[in-house]
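J.: The structure under discussion is supplied below as structure tokens; questions concerning it will follow.
The values are calculated or read from the model by the stated rules, or taken from the named source; none is laboratory data. Note that the structure is a prediction, hence the values are computed from the model and not measured. Counting neighbours? That spans all protein chains shown, and the Cβs are built from the backbone with ideal geometry, glycine included. The accessibility values were calculated without ligands, DNA or RNA, using every heavy atom of the protein model including side chains. Shrake-Rupley method; radii C 1.70, N 1.55, O 1.52, S 1.80 Å.
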Amino acid sequence: MLPDDRNQNRGPRWKGWAVSLACFGLAVAMDCDPSGGNRAGSVRPLVFGAAMVYGNVPSGLVAVGDLNGDGKADIAISSVSELSIIMNRGDGTFADPVTYVAPRQPTALAIGDLNGDGVPDLALGDSGTPAPASEASPGQLGGVTVFMNDGSGLFASAYYPASAKPASIALIDLDGDSGPDMVVGNQNLIPYVLANNGDGTFAAAQMITGASPDASSWSALGTDVVVGDFNGDGFADLVLASNGSDVFILPGSRDGTFTSSFSYTIGGAYISGVTVGDANGDGKPDLAVVSGPVEGPANSLKDGTVSVLMNNGDGTLASPVAYDCTSPAAIALLDLDGNGEPDLIIGGDTSAGGSISVRLNDGTGRFTAAQSLWTGALTAFAPGDLDGDGMTDLVVSGRDGLSILLNRSH
């Protein structure tokens with residue numbers, strides 16, 4: 001497939017698994033703090049090549065990983081009723097998609113080695129999977145479909161009922177005994193865990209217990225789920241983003257259960273994305289959250305906020321430091337300029353269009369002014385080293401196809 005001419009646990013110890021620009025020579029070298037004052041930092045010039053656009057790829061959720069064991073990052077895209085696997089030729093260009101029948105309403109996509117064979121598998125959340133004939137109430141039943149990789153990039157699927165509408169999937173070995181489990185965040189419902197049986201098959205979904213003393217608060221939890229060891233005890237803690245303006249941290253324990261949650265209020269009317277990373281280089285996971293208002297004309301750009309919450313070292317987080325953004329829809333915290341510090345990558349979206357922008361880390365956990373990398377009708381993006389040069393590239397799925405953004409910031 002060629003680009004279109006149009007573009008141009010040790011035991012139960014914590015261990016994580018990987019889990020949704022036509023820019024010509026863009027250089028970024030500005031430093032600023034949230035108040036707008038300039039400050040010295042360690043940012044490097046950021047340079048991306050022109051976007052390579054593949055118009056024959058459907059828009060959908062994106063995951064990146066070496067799917068056929070050749071050492072090169074491949075792409076998986078989950079779209080309506082199909083899963084597309086796109087193999088890397090090794091030079092940053094990609095072969096034609098190979099497609100698999102998939103649930104028709106994908107809502108989440110995660111990648112990781114689910115059966116311990118050393119190759120990544122895929123977990124696809126879906127809000128419209130037909131209910132099995134054995135279900136008492138026929139109709140639509142949300143769940144997770146696991147696509148198990150045979151090592152060559154060929155997949156076989158198995159379906160697990162989970163919830164009415166899975167919104168996110170985190171892959172993490174919660175109890176240290178059987179490989180990564182699936183933590184499924186739900187829209188308007190309680191998060192669930194599907195425990196790994198040790199062979200890549202999963203037990204029935206179980207509600208996460210012990211995370212809140214007040215069951216009535218569960219209706220606000222679970223849209224986005226991410227994982228990190230925030231208190232340094234070696235066990236996985238969960239971060240749940242609410243449907244409103246709060247994030248909840250659920251400290252983990254040796255047996256994979258969770259103690260009572262505590263929350264932080266983020267600016268904005270709703271949270272649209274959350275991610276974990278060590279923003280200030282102190283070896284402790286910090287939190288970045290994007291949120292926005294619900295007010296404003298339909299399809300218009302709306303003011304939003306990126307909030308960075310630094311880890312105090314004891315499992316609690318400092319007050320949010322806020323940065324402006326526009327119509328936020330997704331967030332990642334990864335090193336783009338090669339200085340060893342994770343940068344903020346922000347996906348913005350409206351019905352009229354979208355964008356990807358970046359705020360570079362100055363080395364202290366403070367971030368530069370936003371710079372645009374890509375504009376278009378955004379569906380999802382994912383990072384990965386697509387051409388093997390050691391730099392983080394971006395895969396962007398949008399209405400016009402798949403865009404490959406190669407990082408030239410050497």
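J.: Apply 1/(1 + (r/R0)^6) to the Cβ-Cβ distance of Thr316 and Asn197, taking R0 = 56 Å, and write down the FRET efficiency to the nearest 0.05. All intermediate terms of the calculation are to be shown ahead of the outcome.
T.: Numbers: r = 35 Å, r/R0 = 0.63.
Working from the Cβ atoms, E equals 0.95.
J.: Efficiency by 1/(1 + (r/R0)^6): what FRET value for Arg254 and Arg104, r their Cβ-Cβ distance, R0 = 45 Å, to the nearest 0.05?
T.: Details: r = 40 Å, r/R0 = 0.89.
E(calc), rounded to 0.05, equals 0.65.
J.: Just to verify a number: FRET efficiency for Asp282 and Asp385, C-beta to C-beta distance, R0 = 25 Å, to 0.05?
T.: With R0 = 25 Å, the Cβ-Cβ based efficiency is 0.45.
J.: Given labels modelled 7 Å from the Cα in the Cβ direction, how far is it in nm from Ala158 to Asp303?
T.: Computed distance between label sites Ala158 and Asp303 equals 5.1 nm.
J.: Quick one: length gained pulling Phe262 to Ala377 fully straight, 0.36 nm per residue minus the C-alpha distance? The partial results should precede the final answer.
T.: Numbers: separation 115, 0.36 × 115 = 41.40 nm, distance 3.62 nm.
Computed gain between Phe262 and Ala377 is 37.8 nm.
J.: Students sometimes get this wrong: rank Thr326, Thr305, Thr265 by accessible area, probe 1.4 Å, all chains present, largest first.
T.: Most to least solvent-accessible, the answer reads Thr265, Thr326, Thr305.
J.: Still on this structure, please answer the following. So what's Rg/Rh here for segment 329-410, counting alpha carbon atoms and using the Kirkwood radius for Rh? Mind showing how you got there, number by number?
T.: Working: Rg = 12.5 Å, Rh = 13.0 Å.
Reported Rg/Rh (Cα atoms, Kirkwood Rh): 0.97.
J.: Using a basic spin-label model with each label point 7 Å from the Cα along Cα→Cβ, how many nm lie between Ala369 and Arg399?
T.: Here the answer is 3.0 nm between the modelled labels.
J.: Could you provide, to the nearest whole Å², the per residue accessible area of segment 44-112 with probe 1.4 Å?
T.: Values: 2400 Å² over 69 residues.
Roughly 35 Å² per residue, with all protein chains present.
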